[in-house]
Amino acid sequence: PIIMTQSRFTHREHLKYPFEERGLQFGDGIYEVIRIYHGTYYLFEEHVDRLFRSADAIKLKLPFNKEELKKLLLELLSRNEMKTDGKLYLQATRGSAPRDHIFPGEDVLPNIYAYVQDLPRNLDSLTNGVKTITQRDVRWENCYIKSLNLLPNVLAKQEAKENSCYEAILHKDGTVTECSSSNVYLVKDGKIFTHPAKNNILHGCVRMAVERFAKKHNIPFIEQAFQVSDMSSADEIFLTSSTSEILPIIQVDNTVVNDGKPGDITRQLQTAYEKDAKIHQTI
Ligand code: PLP
């Protein structure tokens, strides 16, 4: 496979960094994951905008502007002759330099790479829903930055897996923020509730799309955090992310949601998503 590194293209095997690399040693970097359907990026502008917001937030100067990056990423698709459903992963770190917490000098350029790979849609989960556990959100206050520091997210997701669940719903003192790698929503009396897009959650690109679909279908989209205790009386609960799309949640810890069946509003949003992303094979 061909990858993009800095602003060039090369074979994956040729990508080599010295072991003193700031992404590896400090998690000093940012990333993006973009969904690909039929060889086309979905929510492309939103992801590119967020990458630049993350870069600004950590004072990382990217060596291209948004238009230049979009051109490179489109070329990456064509060089790989990508025609299927997949994902792009891109990361940018503060570069390779002797280990020191202080930023390296201006002469040290960011290390950047991006690759695309196949990722079929998980039709089983999309159709039947997934189970979740709740976990304390022990992350820092700036989760709106899509940073490489994912240890709390990794541990939360692993805990979910060890409990035969798909995701961990995170909460701070009982207030639900988001999941380990997705945003989460509660439906009650025909209204969608989700944590406001503040600094302590990632502003999901699919979340932006869900807000747009809700407005179009006259479903109230209320940015108001809900509590772990609210979930036992929820009509529906669902999560969103670029890799997972819009997934019904049918269980939270030991509580079954909506008799274990995906709800009507979740289904309506899934249909809107498939239409928006021009997906041929619908669920
Ligand atoms: N929240 C977290 C912590 C994530 O890691 C992700 C993405 O993987 C999301 C939310 C969803 O973001 P997006 O919809 O842009 O994929």
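The values are calculated or read from the model by the stated rules, or taken from the named source; none is laboratory data. If you're wondering where the values come from, they're calculated on a predicted model, not measured in any experiment. Please note: Cβ atoms are built from the backbone with ideal geometry, for glycine as well, and neighbour counts cover all protein chains shown.
Would you confirm whether any residue within the range 267-276 is under 18 Å from the mean Cα position of the chain (by Cα) and either at pLDDT below 95 or among the small types (Gly, Ala, Ser) (or both)? Scanning the range 267-276 turns up no residue that is under 18 Å from the mean Cα position of the chain (by Cα) and either at pLDDT below 95 or among the small types (Gly, Ala, Ser) (or both).
Taking the conditions (1) within 16 Å of the ligand (Cβ to nearest atom); (2) crowded, with 17+ Cβ neighbours inside 10 Å in turn, Asp28 satisfies each one other than (1). All of Ile219, Ile169, Ile201, Ile192 fail the test of being more than 16 Å from the ligand (Cβ to nearest atom) and of a type in the set (A, V, I, L, M, F, W, C), apart from Ile219. Just one of the numbered conditions (1) without any contact (Cβ under 8 Å) to a residue 24 or more places away in the chain; (2) outside the structural domain of His203 (by TED's automatic domain parsing) is not true of Ser232: (2). Has the range 224-239 got at least one residue that is in contact with a Cys (Cβ under 9 Å, 6 or more places away or on another chain) and near the ligand (Cβ under 9 Å from one of its atoms)? Scanning the range 224-239, I find at least one residue that is in contact with a Cys (Cβ under 9 Å, 6 or more places away or on another chain) and near the ligand (Cβ under 9 Å from one of its atoms), so the answer is yes.
Picking from residues in the range 116-142 that are in contact (Cβ under 8 Å) with a residue 12 or more places away in the chain and among the hydrophobic types (A, V, I, L, M, F, W, C), the one that is surrounded by the most Cβ atoms within 10 Å (Cβ to Cβ) is Val116.
Quickly run through the range 204-216 and pick out the residues that are away from the ligand (no atom under 14 Å from the Cβ) and either out of contact with any strand residue (DSSP E or B) (no Cβ under 9 Å at 6 or more places or on another chain) or among the hydroxyl-bearing types (Ser, Thr, Tyr) (or both). Scanning the range 204-216 gives a single hit, Lys216.
Quick one: which residue in Thr271, Thr266 is assigned to a helix (DSSP H, G or I), within 16 Å of the ligand (Cβ to nearest atom) and either in contact with a Phe, Trp or Tyr (Cβ under 6 Å, 6 or more places away or on another chain) or among the β-branched types (Val, Ile, Thr) (or both)? Residue meeting the stated conditions: Thr266. In the range 197-208, the residues that are assigned to a loop (DSSP other than H, G, I, E, B) reach residues that are near the ligand (Cβ under 6 Å from one of its atoms) and of a type in the set (Lys, Arg) with C-beta atoms within less than 8 angstrom, at least six apart or across chains, in these pairs: Ala197/Arg207. Of everything listed in (1) part of a helix (DSSP H, G or I); (2) within 13 Å of the ligand (Cβ to nearest atom); (3) hydroxyl-bearing (Ser, Thr, Tyr), the single unmet condition for Tyr185 is (1).
When the criteria are applied in full, Lys161 fails the requirement of being among the charged types (D, E, K, R), in the same structural domain as Gly263 (by TED's automatic domain parsing), in a loop (DSSP other than H, G, I, E, B) and loosely packed, with under 15 Cβ neighbours inside 10 Å. Within the range 175-191, being surrounded by 20 or more Cβ atoms within 10 Å (Cβ to Cβ) and either not assigned by TED's automatic domain parsing to the domain that holds Val257 or not polar (S, T, N, Q) (or both) holds for Val176, Glu178, Cys179, Val184, Tyr185, Leu186, Val187.
Annotation: of all residues in the range 88-115 being among the charged types (D, E, K, R) and touching a residue at least 60 places away in the same chain (Cβ under 8 Å), the one that is nearest to Gly27 (Cα to Cα) is Arg94.
In the range 263-283, the residues that are buried (at least 19 other Cβ atoms within 10 Å of the Cβ) reach residues that are small (Gly, Ala, Ser) and not in a helix (DSSP H, G or I) with C-beta atoms within less than 8 angstrom, at least six apart or across chains, in these pairs: Ile265/Gly190.
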